[in-house]
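One structure is given here, and the rest of the page talks about it.
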Amino acid sequence: MRKKVLITGGAGFIGMHLARRLADEHDVTLLDDFSRGRSDAELDELRRRVSVITHDLTLPLPEDVPRDFDEVYHLAAVVGVVYSNEEPQRVLRTNLLSTIHLLDWFRELDGATLCFASSSEAYAGSVAAGVAPVPTPEDVRLVVSDPTVARSSYGFSKIAGELLCRNYARAYGFPVRMVRFHNVYGPRMGYEHVIPQFIERLLSGNDPFEIHGADQYRAFCYVSDAVEAIIRLTELPTKETLLVNVGNDREETLIEDLARVVFDTVGRHPGLDIRPAPPLSPERRVPDVSLLRELTGYEPRVGLREGVRRTYEWYARARADREADT
Ligand SMILES: NC(=O)c1ccc[n+]([C@@H]2O[C@H](COP(=O)([O-])OP(=O)(O)OC[C@H]3O[C@@H](n4cnc5c(N)ncnc54)[C@H](O)[C@@H]3O)[C@@H](O)[C@H]2O)c1
């Protein structure tokens, strides 16, 4: 069945991959304020197949936004540790107001399903406090580890977002899926995250190569796997509220080993300069994705080496284009 789908934050990283994946089969509308999502050649190409609404969700949705959507993916947010550290007030303001305005609008729709992008950061405080195991399932108690540290703003905004979705769904009787993404990576993910930063620094010739938190573990999930997971969850017929981890549990990776995978991919092998991890950065983060498997039959398909290779190709091309322009 051809569906009408709205993606907030649709010009961003995950949003655009999701839009591309859905655009052939469904009527897709992207909503974004373009604060981070870029109006670049890839979006221009996609514009031929989707509609685009430019709107800042810290303001209520305009009256003329259509109301006949079947599925709404709410991905708009200020994302990234750098923003949580430097502009925690903006992270909180944007992420909370966006979700409230989206929900105030969504509750009037007839029979639509909402998918809300939460994060593994929602439970980072629980792991740090020793009240959640790793790999971490969804049903752990949530703890904000240190509210005086700016970085807590992002995780708190996701905890509050989950509570908002859960309670609006209960009050207005609509189906919601809250998906906790875990280290999703891939082409066009910006420059604020570890994999693109490693690639860029290697291409800039950094030697020795600084690594903060080399002894930490993460489980990286290639973006097409994450997109497949949330599509399957959103189209489930259940009216129940679902809270589900989305990630790849197959390759728990030491950050130092991730660096070596990127070195091999780029073909440069500088010396290492190992530094401490930044404050509140979790030592180990791995999702328990049993619930996702049980509900959807999901299995991650793209391994780390292949995903890093695809990501590197995109960043190397983007860099060459930038250099050609200057
Ligand atoms: N990438 C990951 O690994 C990851 C992990 C956990 C959670 N998430 C969540 O998934 C969602 C998508 O993340 P992403 O990596 O694609 O981030 P992204 O920054 O690429 O995308 C977010 C988009 O939201 C838009 N936006 C920001 N403020 C807005 C506003 N006020 N009004 C309208 N649009 C606004 C930005 O312009 C951007 O295009 C976010 O909610 C994020 O918190 C992502």
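FYI, it's all coordinate maths here, none of it is from the lab. Given the structure is predicted, the values throughout are model-derived calculations rather than measurements. Neighbour counts are summed over all protein chains in view; Cβ atoms, including those assigned to glycine, are modelled from backbone coordinates with ideal geometry.
What Rg and what Dmax come out for segment 262-326 when only alpha-carbon atoms are used, in angstroms?
Cα only, segment 262-326: 17.6, 51 Å (Rg, Dmax).
Write down the radius of gyration of segment 1-82 and its Dmax, each obtained from C-alpha positions, in Å.
When restricted to the Cα atoms of segment 1-82, Rg and Dmax are 12.2, 41 Å.
In vacuum, with every alpha carbon of segment 216-319 counted as one equal point scatterer, what does the Debye formula give for log10 I(q)/I(0) at q = 0.17 Å⁻¹? Two decimals, please.
Treating every Cα as an identical point scatterer, log10 I(q)/I(0) equals -0.91.
Do the sum for the chain: with -39,500 (n - 2.57) for every DSSP H run of n ≥ 4, divided by all residues, what is the mean residue ellipticity at 222 nm, to the nearest 500 deg cm²/dmol?
Calculated at 222 nm, the ellipticity per residue is -12500 deg cm²/dmol.
Can you give the alpha-carbon Rg of segment 90-129 over 2.2 N^0.38 Å, where N counts its residues? Can you show the working numbers first?
Values: Rg = 13.6 Å, N = 40, 2.2 N^0.38 = 8.9 Å.
Rounded to two decimals, the normalised Rg is 1.52.
Compactness ratio of segment 42-125: Cα Rg over 2.2 N^0.38 Å, N = residue count? Each step should come with its number before you reach the end.
Values: Rg = 14.7 Å, N = 84, 2.2 N^0.38 = 11.8 Å.
Compared with the compact-globule rule of thumb, segment 42-125 sits at 1.24.
Tell me, how many Å apart are the Cα centres for segment 78-107 and for segment 259-324?
That distance is 25 Å.
Pairwise over distinct Cα atoms, reciprocal of the mean inverse distance: report the Kirkwood radius of segment 1-46 in Å, one decimal place. Spell out each step's value before the answer.
Working: mean 1/r = 0.0949 Å⁻¹.
Answer for segment 1-46: a Kirkwood hydrodynamic radius of 10.5 Å.
What's the local net charge at residue 214, with K and R +1, D and E -1, over the other residues with C-beta under 12 Å away?
On the way: positive: 218, 260, 275; negative: 210, 215, 256, 257, 273, 283.
With Lys, Arg at +1 and Asp, Glu at -1, the net is -3.
For the charge dipole of segment 4-325, defined by +1 on Lys and Arg C-beta atoms and -1 on Asp and Glu C-beta atoms about the Cα centroid, which residue among 53, 72, 202 has the Cα displaced farthest towards the positive pole?
Farthest towards the positive end: 202.
Considering every Cα-Cα pair within segment 4-325, what fraction, in whole percent, is farther apart than 30 Å?
Numbers: 16341 of 51681 pairs.
Percent of Cα pairs beyond 30 Å in segment 4-325: 32.
Please work out the Kirkwood hydrodynamic radius for segment 163-238, using every pair of different C-alpha atoms, and report it in angstroms with one decimal place. Don't jump to the answer; show the numbers that get you there.
Numbers: mean 1/r = 0.0639 Å⁻¹.
Mean inverse Cα-Cα distance, inverted, gives 15.6 Å.
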